[in-house]
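Scroll down for the structure; my scribbles are underneath it.
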Ligand code: FPP
């Protein structure tokens, strides 16, 4: 049966984040230059976003360019990736409007070349009114940097408020209580993703089993799907396969599974001490 017929339309994830990896390997396997792998990778972006909009996926976030890519790749590759991004945005705005897709960005985008920032602003303004899928491109993005930025922003807010009330920061935290003023929700409000739900599903292509500094805070409870397929070979159908795989999983968010009938309240005697378990294991 075609995979899209197997999908449960009521359980489409709200937010899918993708680590697009393997452009270089795709090119290497064909004895082509890395640039061509990136170019083909940009095609995959187009196909995947198109399918995301068809299934009404509300949020899709693509790791397009990390801070580390910016710092550690040859200048020529970085400038090619920038050109590709520029081309992608200029040639896809019409298509995005046709598909009701709006484009946004996360990352230290102020560190990108000014002319690219200009195109980015233009593309997001042109698509801002669309209400279907939100495509978020992570550009010059690093998750640790994002958490640092969120912390700085929270500290600035607190200092400004203390200043306004004519008290010290220490007094502000003492009066209001540090737990109420510095918690998960206040920190999350300073993340680039404050306006978005956390991803339900993270997809990584090319078989690497790591997260590479991507949305570390936000993916605390996300399901992870790793495929050996290289990003330039990834198409809409593979997005649907990943969603189908996601729909087979049981998400527990740290709780017990739906089918678990064992409850331990009032059964403290049933618990073995670690020493008893170790002794039993020794004699088994
Ligand atoms: C990893 O491939 C991918 C990237 C560094 C960036 C992703 C960029 C694109 C998909 C192209 C353009 C994007 C947009 C939004 C138009 P790699 O070079 O690390 O591959 P390798 O690990 O096989 O060398």
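Decide, for the stretch 22-117, between rounded, prolate and oblate: order the square roots of the alpha carbon gyration tensor eigenvalues as a ≥ b ≥ c, take rounded if a/c falls under 1.5, and otherwise choose prolate if a/b is larger than b/c, else oblate.
Working: a/c = 1.97, a/b = 1.32, b/c = 1.50.
Oblate, because a/c is 1.5 or more while a/b does not exceed b/c.
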Ranking of 233, 179, 98 by count of other Cβ atoms within 10 Å, fewest first: 179, 98, 233
Of 157, 119, 205, the one that fluctuates the most in a GNM where the chain has Cα springs shorter than 10 Å: 157
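Within 10 Å, count the other beta carbons around each residue, average over each peptide in 99-107, 50-58, 5-13, and list them highest first. Provide the component values of the computation, followed by the final result.
Details: 99-107: 20.3, 50-58: 18.3, 5-13: 12.0.
In descending order of packing, they fall as 99-107, 50-58, 5-13.
Compactness ratio of the stretch 137-227: Cα Rg over 2.2 N^0.38 Å, N = residue count? Write down the numbers at each step before the final one.
On the way: Rg = 16.8 Å, N = 91, 2.2 N^0.38 = 12.2 Å.
Rg over 2.2 N^0.38 Å, computed on Cα atoms: 1.38.
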Residue-averaged 222 nm ellipticity for the chain, from DSSP H runs of 4+ at -39500 (n - 2.57), nearest 500: -15000 deg cm²/dmol
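What is the diffusion coefficient of the stretch 96-248 in µm²/s, taking the Kirkwood radius over Cα pairs and the Stokes-Einstein relation at 37 °C with a viscosity of 0.692 mPa s?
Numbers: Rh = 18.3 Å.
For these conditions, the coefficient is 179 µm²/s.
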Highest-fluctuation residue, 191, 154, 173 considered, GNM on the chain with Cα pairs under 10 Å: 173
Where only alpha carbons of the stretch 1-59 are counted, the Rg and the Dmax (Å): 14.8, 44
GNM top mover of 177, 236, 132 - the chain, alpha-carbon springs below 10 Å: 177
Rotationally averaged projected area of the chain (alpha carbon convex hull; nm²): 23.5
Where a label projected 7 Å from the Cα of residue 11 along Cα→Cβ would reach, residues of the stretch 209-231 with amide N under 14 Å: 223
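Report the calculated FRET efficiency for residue 77 and residue 32 (r = Cβ-Cβ distance, R0 = 22 Å), to the nearest 0.05.
On the way: r = 14 Å, r/R0 = 0.64.
Using R0 = 22 Å, I get an efficiency of 0.95.
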Label zone at residue 122 (point 7 Å along Cα-to-Cβ), backbone N below 17 Å, the stretch 31-51: none
Two-site label geometry, residue 46 and residue 247: point separation in nm, points 7 Å out along Cα→Cβ: 2.8
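We did not get these values from a lab; they are worked out from the coordinates using the rules stated. In this text, all values refer to a predicted model and were calculated from it rather than measured experimentally. Cβ atoms come from the backbone with ideal geometry, glycine included; neighbour counts cover every protein chain shown.
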